[in-house]
Amino acid sequence: MKNNRIVCGLFTLFLAAAPVLAAKPAGHAKPVSRPAAKASPAPRTVGLVAEDMPYDVGGALLLRWPVNPADDSGTSYRVYISSQEKGGWLQGTEFPASANKGTDIDLPFWAWDGSASEHALRLDLNGLFGDASPGTVYRVKVSVLQNGAEVAESEVKTARAYGNWFRLDRLNNLVMLIIIVIVFFLAVSHAKRKGLFIRRIAGLDAIDEAIGRATEMGKPIYYVPGIGDMTLVSTIASTFILGEVSKKVAQYDSFIKVPHYDPIVMTVCKEVVKQSYLEAGRPDSYREDINQFISQDQFSYAASIDGMITREKPAACFFMGYFMAESLLLSEVGAASGAIQIAGTDIEYQLPFFFTSCDYTLIGEELYAAGAYLSKEPMLLSALKVQDFGKLVVMLGVSIGLVLVLLGQWQHWHSLVNFVTDIFKAN
Amino acid sequence: MSHTWMIAGGWLAAGLTIFIFSFLYKDNPFFKIAEHLYLGAGMGWWFQVYLYSIWIPKVADPLRAHQWAVLVPAVLGVSLVTQFFPKISWVSRYGFTFLMGYGAGLAIPTMLSTNFMSQIYGCIQPFTDVSHMTRLGMLNSLIVAVGTIAVLFYFFFSVENKGAVKKISNIGIYFLMAYFGTTFGNTVMARFSLLYGRFDELYSYSGANYFYATQVLLAGMVAYFLVHGLLAKKKPEGGAAN
């Protein structure tokens, strides 16, 4: 019995060793030169899945395949893509097996459940094909490389990239927008019932002073709305301020001139000024030439206004809206002509020029607040309160986010760090 | 022929540059010429830009290709022109309404994303990898975070600026002033490079190959101001007498 067991053991050992012995070159036989690929014992099937990259405008494909446990430091992947039915392969990218895991995709946790056990690659089509047209069918394949030599290749997969209607990765933005809208309606309700408090803004208190001065001197007021179009918040804010300024001008029976760069802004401003004169009970004082179109060329606009200011010597100049390099060209001439000047813009690198040449300057948010501050209308006041709410959220978000992220780092709670950063990611 | 045109172009460029610069002294007829020429040339330039980059490729060509859908934005755009005709000026409101709605729709998500979420994320993101941060890097990120909060305090309109709020908003003002100072210096440097460019051109046109255009024009201007100044002194002041 014992002998039988020994024989069986030896036989089994022989069977197990047979492939190893057979693989060795026999005696003096000449070794057969074979490529490393053929010698590889484990053929690697990639298991590739190609699909549209979710939550984008249709300019990328998403490739996924499982991580092969046999991959080592010498293993890398090479991705090929073609927009043709046959051939036409372009090399998309090449990366080591340790890179491009499912967790590396830059999407927030509620939109992407990436795993380290799979490879996930975002393939940018615009970068490869120039302007990739949506709906084109692409063929993709992935090659496995071992020390630079191809050892396996996936089967060819087809996929189309298309634009997605809903960007789930921006859900945080949508939630924030909904909260802001709710706060706005609550603020409107509160403003209509009890009114809302706004602190004093010095630059806006000076508007009355400037208009009064112009009335006493019998000189015109220049209101320059800048070179922005009606899609810019600063231009919209400027039209609100113009409404209030022109109302006061109509009340004091002074004269205002509004030179324009943009014809659409001019048309809006015409309506605004006309309405203000009507509200002030002075429709007869309104003149069509209050608003005048100058030019849609930045520097000829500036040169022309400079000329007008120099010749007419206005008592007050308002520069409210979107300004670029012409800011100093305009305000310096206004200062030289002796006018009292009030400026306001949200272009932060033009603000220093206004500081140096104007009597009062509204900085960014103060420009947005001006319309509400001057009119005290519940709707505008509510908008201002919503802006303050937004600032409060940013202040709290930065403070609390910072504490949580540092706590997560200290305690190695990486999920907490990822959670906090995903919540505030703009995407 | 081309050489003659080069010289004429040099005289024109040098002349217009000096005419515009003459405004630094005072308003004068030469500046007025340059100003009005600039205004007219600017309008002409933009007219052809709109014609060749918008009207022809985006309206006329698609219509020739029977792409009738472009009529919708084209009609909305043309409706703005009805402002000039009081009886049908109401039509322009459709165009304006579309523009305002489109502008707001485009601006809201962008503003929310860039001016709101990005500010918070930008402040906390550097601290997500503290182990790889240098001390100076950490200090820098902390200054950015504190500066953001302090500046926001300054722009907070719902509370009176007094007590602790005033102290924090004063810190915000220091941050703002530091920023404005650096921006001012940076922009002034950029403007000086533009000025050097103009001076370089004036220097180029002062050579014999341009028949000393810069010097001749400059001398002419100075002569004009001298003569004009002398004549103005001789004229009696009539304002008080009248």
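The values are calculated or read from the model by the stated rules, or taken from the named source; none is laboratory data. Owing to the predicted nature of the structure, the values given are computational and were not obtained by experimental measurement. A quick note on method: Cβ atoms are made from the backbone with ideal geometry, for glycine too, and the neighbour counts reach across all protein chains shown. Surface accessibility is based on the protein's heavy atoms, side chains included, excluding ligands, DNA and RNA. Shrake-Rupley method; radii C 1.70, N 1.55, O 1.52, S 1.80 Å.
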- Query: Of the residues in region A:300-316, how many are open to solvent by 10 Å² or more (accessible area, probe 1.4 Å), in contact with a Leu (Cβ under 8 Å, 6 or more places away or on another chain) and not small (Gly, Ala, Ser)?
  - Reply: 1
- Item | Residues located in region A:221-255, provided they are open to solvent by 10 Å² or more (accessible area, probe 1.4 Å), under 39 Å from the mean Cα position of the chain (by Cα) and of a type in the set (Phe, Trp, Tyr) | A:240
- Message: Just the residues that are within 23 Å of residue A:383 (Cβ to Cβ) and not in a helix (DSSP H, G or I), please, taken from region A:171-226.
- Response: A:195, A:196, A:197, A:198, A:199, A:200, A:201, A:223, A:225, A:226
- Query: Before we move on, is residue A:218 open to solvent by 30 Å² or more (accessible area, probe 1.4 Å) and in the same structural domain as residue A:350 (by TED's automatic domain parsing)?
  - Reply: yes
- Message: Here is a list: B:113, B:158, B:169, B:118. Which entry is more than 25 Å from residue A:373 (Cβ to Cβ) and touching a Phe, Trp or Tyr at 6+ places or on another chain (Cβ under 9 Å)?
- Response: B:118
- Subset tally (residues that are of a type outside the set (Ser, Thr, Tyr) and within 12 Å of another protein chain (Cβ to nearest Cβ)) for region A:273-319: 19
- Counting only residues that are within 13 Å of chain A (Cβ to nearest Cβ) and within 29 Å of the chain's Cα centre (by Cα), which one in region B:167-177 is least open to solvent (accessible area, probe 1.4 Å)? B:172
- Message: When you check residue B:20 against the structure, is it at pLDDT below 95, more than 8 Å from chain A (Cβ to nearest Cβ), part of a helix (DSSP H, G or I) and within 25 Å of the chain's Cα centre (by Cα), yes or no?
- Response: no
- Filter region A:330-373 down to residues that are farther than 29 Å from residue A:310 by Cβ and either more than 10 Å from every other protein chain (Cβ to nearest Cβ) or not in a helix (DSSP H, G or I) (or both), then give me how many there are. 2
- Could you give me the residue pairs with C-beta distances under 7 Å whose first residue belongs to region B:142-166 and is within 9 Å of chain A (Cβ to nearest Cβ) and at negative phi, whose second residue is assigned to a helix (DSSP H, G or I) and open to solvent by 70 Å² or more (accessible area, probe 1.4 Å) wherever it lies, and which are 6+ apart or on separate chains? B:148/B:119
- Message: Looking at residue A:295 and the list (1) under 27 Å from residue B:91 (Cβ atoms); (2) of a type in the set (Ser, Thr, Tyr); (3) assigned to a helix (DSSP H, G or I), which single condition is not satisfied?
- Response: (3)
- Message: Can you find, within region A:100-128, the residue that is nearest to residue A:427 (Cα to Cα) among those that are in a helix (DSSP H, G or I) and open to solvent by 60 Å² or more (accessible area, probe 1.4 Å)?
- Response: A:104
- Query: From A:381, A:374, A:404, which residue is of a type in the set (A, V, I, L, M) and within 26 Å of the chain's Cα centre (by Cα)?
  - Reply: A:404
- Item | Among the candidates B:110, B:128, B:114, residue that is open to solvent by 30 Å² or more (accessible area, probe 1.4 Å), polar (S, T, N, Q), more than 7 Å from chain A (Cβ to nearest Cβ) and in a helix (DSSP H, G or I) | B:110
- Is at least one residue of region A:134-153 outside any helix (DSSP H, G or I), among the acidic types (Asp, Glu) and more than 12 Å from chain B (Cβ to nearest Cβ)? yes
- Which residues, taken from region B:59-80, are surrounded by 13 or more Cβ atoms within 10 Å (Cβ to Cβ) and either among the charged types (D, E, K, R) or closer than 23 Å to residue A:267 by Cα (or both)? B:71, B:73, B:74, B:76, B:77, B:78, B:79, B:80
- Message: Contact list please: Cβ distance under 7 Å, first residue in region A:263-289 and closer than 14 Å to residue A:225 by Cβ, second residue open to solvent by 50 Å² or more (accessible area, probe 1.4 Å) and modelled with pLDDT of 90 or more, pairs at least six apart or on different chains.
- Response: A:263/A:293; A:266/A:293
- Note on the structure: Scanning region B:25-53 residue by residue, those open to solvent by 70 Å² or more (accessible area, probe 1.4 Å) and more than 10 Å from every other protein chain (Cβ to nearest Cβ) turn out to be B:25, B:33, B:52
